[in-house]
Amino acid sequence: MKRNYIRPVTAIVLALIVSFSGISDAAKKSTHRNRPRAEKKAEAAVTRADTAAPVELSLPPVDEYVSNSGIQVVYIRDTLPQLTILVSVGFGKLYETANNAGISELLAKTLARGGSKKYPGDALYAAIEAIGGRFSVEPSWEGTTIAMRVLERHAGLAFDILGDIMANPNFDQGFLDEAKSMMREGVRRKKDSPEGLAFEKLREIIFNGEGYGAVTRESTIDSVTLDDVKRVWASHFTEKNIMIGVSSSIDARAVKKYIARAFSGIEEGKRMPYRADGEAFRSAVRKSAGKIYLIPRPIPQATIVVGALAPTVLDGGVYALNVMNYILGEGSFNSRLMREIRVKRGLSYAVQSVIKFRKETGVFMAFAQTKNAQAAVTLSLLRDTINGMAGDTVTDDELRWAKASIAQSYIFEFDTALNMLDKYSFLYYNGLPAAYLTEYQSRIHGVDAASILRESKRLLRDGLVVVVVGGDELKGALAKIGEVVVVNP
C-alpha cells in the first residue's frame, strides 16, 4: 500500500522539486537560448512515439488463502534462498484527522524503535543484524507496512520476530517521546520547504483538513498520547485488517505452518476503512476555485500548485485519467505542461502533474516553480493548459506516445519481491481481483481520445484550487487574475 498503485509518480514529482528548487539564473538563460532546438526535439519525440506492443506481464503463480485465524495470506514462490515477509495493515495517514495528524507516523516510529516484548529496542536490531536481515516499519497514505527480509535458513527467527511484534508490541513512553522529537524537527524543517508547504496547504483546502488534508503540526504531535497509539493498534492491527505476503524458496506448506504458529496471538478484529466524504470535498473545491491562496515567504522564487479532487481507484475512468495525466504533465519533455511552460517560454525548470487514486478518494495536482516576477503568467499558463485537457481533444500522436510509454514501463513496477507483494496488498485492501494487474496494459491501450476528453471534464468540473508560495509582492500581480487570500501554512 505504500507504493503507488499502478502509476507511481509522486516520488518523481518530489525529486524534481528538490533537484530544481535552487535553479540558477544561468541555467534558466541556457534553457531560454536553446528553446527552439529543444522544442523541435520534443515534438519529434511525440511524432516518433513507439507504438510497439508492450512486453506482456507474466506474473508468477500465487497461492492465496485465509488462515484459520482469518488473516489473508499471499505466497509467491522464489528461486533464491531468501525469505521476504510483508505485513500490510489498513491504517495510514488517510485515517488521520485535524486533531491527531501524524499519529500513523508516530506509531510506526515508536514500533520500529520499541520492537516487541520478546525483542525490545536494541535487542530487536541486534537479532536482525546478527543474521544479515533487513527490517522496516513504514507508514503510507492507506496503510502501515512491516517488512523483513532474511536468508531462507533464518525463517524461524524472522517469523518469530514479526509474530511477537504483532501480538506484543513494546509501546513505551520513552520510545514515543523519541518519535515525537524526530517528528517535531521534521515539522520545523518543513517551514523552509516552499514546495512542501504548497502541496500540504492544497490538500488541506481540498480535503477540509481530514485524511489527505490532515496537516501534521507540533500541536498535533504533542496531543498524541501513548494510550492513543495503543487504541489505534488494538482497533486496526488485527487479523481481519491485515494481509501477510511471503515470497520465498521455502515450500508453501512450510510457510503456512510458520504463519499459523507465529501469528496466532493477534486479535480477530474487523476490516477498518477510512472515512471520506466525497461530496464535502467537492464542495470545498467549488468554494475555493477561482481564489489564489498565497503563503508569503521572503524568497526569490514562487512555487505554484493547483489541484482538484480525483475519483477513487475503483472508478472506471482511472485508465483514461492516467493517460490524460501522462500527456498533460507526467511525460517529461513530451508533456503539454513542459512544452508550454518550460520548452517554449523558459518560465520554469520544474513543472509536472500527478494524479493519485485511492480506495475512497483521489487527488490531482500540478506544479511549477518560477521567478516571482513571472508567477502570474506562469499560473495562467498552468491553468489554461490543464483546462485545455477538458476542451481540446488530444492528438493521435500524443495518444499513441502516452499509451505506449505507460504500458511498456509497467513491468518495472514488479521488479522486486517486496514490490510484488505490495501489489497484492493493494488488491486486497481495495477488494480488487488479481486480473486488475494483468489487464492493466490492455485497459490502457483501450483508452481513446473521447474518453480522455470526457474524464478530463469530469475531473475539472468543480474548478481548480490554487496555492502559491512566494514573495509578499506577488499579491498585486496575482490579484489581476484572481482573488488573493493570504494564508499561513
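Suppose we filter I221, I205 for residues that are over 30 Å from R286 (Cβ atoms), hydrophobic (A, V, I, L, M, F, W, C) and crowded, with 21+ Cβ neighbours inside 10 Å; which single one remains?
Values: I205 fails: over 30 Å from R286 (Cβ atoms).
Checking each option against the conditions leaves just I221.
Of all residues in the stretch 174-232, which are in a helix (DSSP H, G or I) and among the hydroxyl-bearing types (S, T, Y)?
Pass one, the stretch 174-232, residues in a helix (DSSP H, G or I): 174-190, 194-206, 211-213, 218-223, 226-232.
Those that are in a helix (DSSP H, G or I) and among the hydroxyl-bearing types (S, T, Y): S181, Y212, S219, T220, S223.
Mind listing just one residue for me: the one in the stretch 236-264 that is touching a Ser or Thr at 6+ places or on another chain (Cβ under 9 Å) and part of a loop (DSSP other than H, G, I, E, B) and, of those, surrounded by the most Cβ atoms within 10 Å (Cβ to Cβ)?
F237
Return yes or no: is G470 surrounded by 20 or more Cβ atoms within 10 Å (Cβ to Cβ), over 30 Å from S136 (Cα atoms) and of a type outside the set (K, R)? Can you show your working first?
On the way: surrounded by 20 or more Cβ atoms within 10 Å (Cβ to Cβ): yes; over 30 Å from S136 (Cα atoms): yes; of a type outside the set (K, R): yes.
Here the answer is yes, as G470 does meet what is asked.
Just one of (1) modelled with pLDDT under 95; (2) closer than 30 Å to R153 by Cβ trips up A252, so point out which.
For A252, the failing item is (1).
Just to be sure before I move on: is E105 of a type in the set (D, E, K, R), in contact (Cβ under 8 Å) with a residue 24 or more places away in the chain and either part of a strand (DSSP E or B) or surrounded by 15 or more Cβ atoms within 10 Å (Cβ to Cβ) (or both) in the structure I sent?
When the stated conditions are applied, E105 passes them.
Does R153 count as touching a residue at least 12 places away in the same chain (Cβ under 8 Å) and either over 29 Å from the mean Cα position of the chain (by Cα) or part of a helix (DSSP H, G or I) (or both)?
Working: touching a residue at least 12 places away in the same chain (Cβ under 8 Å): yes; either over 29 Å from the mean Cα position of the chain (by Cα) or part of a helix (DSSP H, G or I) (or both): yes.
Here the answer is yes, as R153 does meet what is asked.
Restricting attention to the stretch 311-334, and to residues there that are hydroxyl-bearing (S, T, Y) and touching a helix residue (DSSP H, G or I) at 6+ places or on another chain (Cβ under 7 Å), which single residue is farthest from F357 (Cα to Cα)? Before the answer, list the steps.
First pass over the stretch 311-334, keeping only residues hydroxyl-bearing (S, T, Y): 312, 319, 326, 332.
Then drop every residue that is not touching a helix residue (DSSP H, G or I) at 6+ places or on another chain (Cβ under 7 Å), which leaves 319, 326, 332.
Working: Y319: 11, Y326: 15, S332: 21 Å.
For the stretch 311-334, the residue satisfying everything is S332.
With the structure loaded, tell me whether I299 is outside the structural domain of F91 (by TED's automatic domain parsing) and touching a residue at least 60 places away in the same chain (Cβ under 8 Å) or whether it fails that test.
yes
Of all residues in the stretch 433-442, count the ones that are closer than 25 Å to A402 by Cβ and either touching a residue at least 60 places away in the same chain (Cβ under 8 Å) or in the same structural domain as V87 (by TED's automatic domain parsing) (or both). Steps first, please.
Pass one, the stretch 433-442, residues closer than 25 Å to A402 by Cβ: 435-442.
Now restrict to residues that are either touching a residue at least 60 places away in the same chain (Cβ under 8 Å) or in the same structural domain as V87 (by TED's automatic domain parsing) (or both): 437-438, 440-441.
Qualifying residue count, the stretch 433-442: 4.
Looking at the stretch 360-374, can you tell me whether even one residue there is of a type in the set (S, T, N, Q), over 30 Å from V66 (Cβ atoms) and either touching a Gly at 6+ places or on another chain (Cβ under 7 Å) or free of Cβ contacts under 8 Å to residues at least 24 places away in the same chain (or both)?
Of the stretch 360-374, the ones of a type in the set (S, T, N, Q) are 361, 369-370, 372, 374.
Applying the additional criterion that residues be over 30 Å from V66 (Cβ atoms) yields 369-370, 372, 374.
Now narrow it down to the ones that are either touching a Gly at 6+ places or on another chain (Cβ under 7 Å) or free of Cβ contacts under 8 Å to residues at least 24 places away in the same chain (or both): 372.
Within the stretch 360-374, one or more residues are of a type in the set (S, T, N, Q), over 30 Å from V66 (Cβ atoms) and either touching a Gly at 6+ places or on another chain (Cβ under 7 Å) or free of Cβ contacts under 8 Å to residues at least 24 places away in the same chain (or both).
Let me confirm something: among K180, K201, K191, K240, which residue is in contact (Cβ under 8 Å) with a residue 12 or more places away in the chain and within 26 Å of E268 (Cα to Cα)? Before you say what the answer is, go through the steps one by one.
Values: K180 fails: within 26 Å of E268 (Cα to Cα); K201 fails: within 26 Å of E268 (Cα to Cα); K191 fails: within 26 Å of E268 (Cα to Cα).
Result of the check over K180, K201, K191, K240: K240.
Based on this model, can you work out whether Q408 counts as outside the structural domain of I206 (by TED's automatic domain parsing), within 20 Å of S442 (Cβ to Cβ) and assigned to a helix (DSSP H, G or I)? Explain how you work it out, then say what you get.
Numbers: outside the structural domain of I206 (by TED's automatic domain parsing): yes; within 20 Å of S442 (Cβ to Cβ): yes; assigned to a helix (DSSP H, G or I): yes.
So Q408 passes the test.
Quick one: would you say K230 is of a type outside the set (V, I, T), farther than 25 Å from T110 by Cα and free of Cβ contacts under 8 Å to residues at least 60 places away in the same chain?
Values: of a type outside the set (V, I, T): yes; farther than 25 Å from T110 by Cα: no; free of Cβ contacts under 8 Å to residues at least 60 places away in the same chain: yes.
Answer is no for this residue.
Hey, D396 hits all of (1) touching a residue at least 60 places away in the same chain (Cβ under 8 Å); (2) more than 24 Å from F207 (Cα to Cα) but one; which does it fall short on?
Result: D396 passes all but (1).
Go over the candidates T378, T393 one by one and state the one that is in the same structural domain as R461 (by TED's automatic domain parsing), in a helix (DSSP H, G or I) and among the β-branched types (V, I, T). Quick ask: steps written out before the conclusion?
Numbers: T393 fails: in a helix (DSSP H, G or I).
Among T378, T393, only T378 is in the same structural domain as R461 (by TED's automatic domain parsing), in a helix (DSSP H, G or I) and among the β-branched types (V, I, T).
Identify all residues within the stretch 258-296 that are among the polar types (S, T, N, Q) and touching a residue at least 40 places away in the same chain (Cβ under 8 Å); write none if there are none.
Within the stretch 258-296, the first condition is being among the polar types (S, T, N, Q), and the residues that meet it are 264, 283, 288.
Selection gives S264, S288.
With the structure loaded, tell me whether L86 is modelled with pLDDT of 95 or more, under 30 Å from the mean Cα position of the chain (by Cα) and assigned to a helix (DSSP H, G or I) or whether it fails that test. Break it down into steps so the answer makes sense when it comes.
On the way: modelled with pLDDT of 95 or more: yes; under 30 Å from the mean Cα position of the chain (by Cα): yes; assigned to a helix (DSSP H, G or I): no.
When the stated conditions are applied, L86 does not pass them.
Report whether or not S181 is farther than 30 Å from S353 by Cα and of a type in the set (S, T, N, Q). Break it down stepwise before answering.
Numbers: farther than 30 Å from S353 by Cα: yes; of a type in the set (S, T, N, Q): yes.
When the stated conditions are applied, S181 passes them.
Among the residues of the stretch 455-477, write down those that are farther than 19 Å from V285 by Cβ and either out of contact with any Lys or Arg (no Cβ under 6 Å at 6 or more places or on another chain) or outside the structural domain of V323 (by TED's automatic domain parsing) (or both).
If the condition is that a residue be farther than 19 Å from V285 by Cβ and either out of contact with any Lys or Arg (no Cβ under 6 Å at 6 or more places or on another chain) or outside the structural domain of V323 (by TED's automatic domain parsing) (or both), then G470, G471, D472, E473, L474, K475, G476, A477 are the ones that fit.
The values are calculated or read from the model by the stated rules, or taken from the named source; none is laboratory data. Quick caveat: nothing in here was measured; it's all calculated off a predicted structure. Because the Cβ atoms are built from the backbone with ideal geometry, glycine has one as well, and the counts that use them run over all protein chains shown.
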